[in-house]
Amino acid sequence: MYNKISKNKNILSMIMLFIIAIPTFVFASVPAGSSDKDISWFLMVTSLFGGMGMFLYGMEMMSDGMKIAAGNKMRSVLEKLTSNRLLAVGVGAFVTMVIQSSSATTVMLVSFVNSGLLSFVQGLGVILGSNIGSTITAQIVAFKVTDYALTLIAVGAMTALFSKKDSTKNIGFVILGFGLLFYGMKVMSDTMKPLRTNPTFNNILTSFENPFMGILAGAAFTALIQSSSATTGIVITLASGGSITLEAGIPLIFGANVGTCVTALLAGLNASREAKRVAIAHVTFNVLGVGLFVFWIPTFADWISQTSDNIPRQIANAHTIFNILATVVFIPFTPLVARLIIKYFPDEKVERDISKPAVMHLDNNVFSTPTVAITNAQAEIRGVVGLLERVVGSVAKPFISTDSLHDIEDEEEDFEAGLQTRIEKIVFLNKKISSYLIKINNQDLAPAQSQEVFTLVSVVNNINSIKNSVDLRLHDLLIKKESESEELPAGLIEEIESYHKKIVRQIKRLGKFFERYDQSKIDKIVTKGKKYKDLEEKYRIDHIKRSGSEDVNEKQKQIYQELMDMLKEISIFIDLIAERLGELDTVE
């Protein structure tokens, strides 16, 4: 966020002029008590949309500031989610409350399910919780703080511009976003005051008391701006100006709950089948929830009217209570809903040419949410580590086995051809991942996120180095082995096999880390790496001692030494990867 503003030093000045100019024009052209004929409709419309633009921009700035300030902490909370449904609801509500966007939570959830971090069933509780968390914004907006909007703008702007700490700058942008949001509300409210006596305008707003018209309007507007919180805030603004009733406001916020599903559906378009189910579940819960309430809106409105004396607070309460009641109703049925969705949207059997490399997780539509983009990159790296495990897992086979050489997965394919296919896949995917990480780095990142991107670039580079080591050394070793008529002595084979298995286990641990980002796996890699280093030195000393033995000829000694050097080099790069990943655990 700070980088965006620092690129243009005049942006805050432009905002301030915009803030001052709108009410000046409005108040100059529309004096109190003016008739319809005196109203300047051009200024009325431009002021209304200007205030709305300020409101939406303030909400986006506030949400972005919170997401950057939260960094990857929200991802950590979701990653540690258990199968407990109530806990999942609490986590969804908490994450959405912090980042102020149920859409962002759902997009994040779709990405985590797509990456294999969470199961579909685990995600259902988070969806219900995110709906509750999104109501916090409405509760804040319902407070009468528009008189302090300029103070918030001043404090936020000063904090964002003059603070030296990035974390404080982000908090400044959150405050500035709140200020712009509330001032936008004031501009819209003041602009619409002359319209209270306009029959056409009143007829339009009154038509929203028809539940289906109100729900349709709320859903369409929310789908357009992709923020149910913004829609609810605008409805509360209309109510605070006396332009809308509670009976008209409730259908509009119901519609907002339906319209917000569009973001999840868009996020699931190019995702896995499991992630698509998350988006479908989001639509199912929200549409069914509205369906349960739509036929008793008058009764619901009568009940809500008793919770407060002013309509803006009543609408905010209606939004919160509706989502809480819907969650209470649906939470016992999440397993049933999951089974039904899985039944009607089963796993697809996709025929894919495994000989050709393909990107599985790198979605270019989520860069605005760096946490999701970073998770996608990690998921793709996990696939590369799986390829690397098969490459390194096969390098010792020609030297410890007397069987005819063929690919480890396809007996009809030549050993070297299969190995080269996987190496080419690693090259292809690493290029794609590196390019993706550069694009992430161009976004507004928290310090911890920047460090994580830098670390992942380092991981990709070290995987490339392992690939290069195998690619450059193994072919020459195979040629030397073919020119040697005798097999390696049993003692050498035993040492090669033992050391090789340990290196492969290290890569497996690395793969397990990328499955759940479990730092204990990295700690184990580091601990085992030290032991394996000592073991390799022992083997090297033993090899020097038997250098004069007649049981091993010079070519066999050379093959053994070069093969062990290659495995040692692979081990060093794995240690470097673990060292980099271990540093992430200490980054705040």
(request) Between residue 212 and residue 461, with labels modelled 7 Å along Cα→Cβ, what's the label distance in nm to one decimal, could you check? (result) 6.3 nm
(message) Could you sort the peptides 179-186, 330-337 by per-residue average Cβ neighbour count (10 Å cutoff), highest mean leading?
(response) 179-186, 330-337
(request) Return the subset of 397/425; 481/531; 501/568 for which the Cα-Cα distance in this structure is over 19 Å, preserving the input order. (result) 397/425; 481/531
(request) Please give the FRET efficiency for residue 424 paired with residue 164, using the beta carbon to beta carbon distance and R0 = 30 Å, rounded to the nearest 0.05. (result) 0.05
(message) Can you tell me the length gained on complete extension of the stretch residue 344 to residue 438, counting 0.36 nm per residue apart and subtracting the Cα distance?
(response) 29.9 nm
(request) Using only Cα atoms, locate the centre of the stretch 117-166 and the centre of the stretch 301-327, then give the distance between them in Å, rounded to an integer. (result) 20 Å
(request) Using 0.36 nm per residue of separation minus the Cα-Cα distance, give me the extension gain between residue 481 and residue 501 in nm, one decimal. (result) 5.1 nm
(message) Suppose R0 equals 45 Å. What FRET efficiency, 1/(1 + (r/R0)^6) with r the Cβ-Cβ distance, do residue 303 and residue 273 give to the nearest 0.05?
(response) 0.65
(request) For residue 57 and residue 139, calculate 0.36 nm times their separation in residues minus their Cα-Cα distance, and state this gained length in nm to one decimal. (result) 27.6 nm
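None of the figures in this text is laboratory data; all of them are computed from the coordinates on show. Since the model is a prediction, treat every value here as computed from it, not as a measurement. Methodologically, a virtual Cβ is constructed for each residue, glycine included, from the backbone with ideal geometry; neighbour enumeration extends over all protein chains shown.
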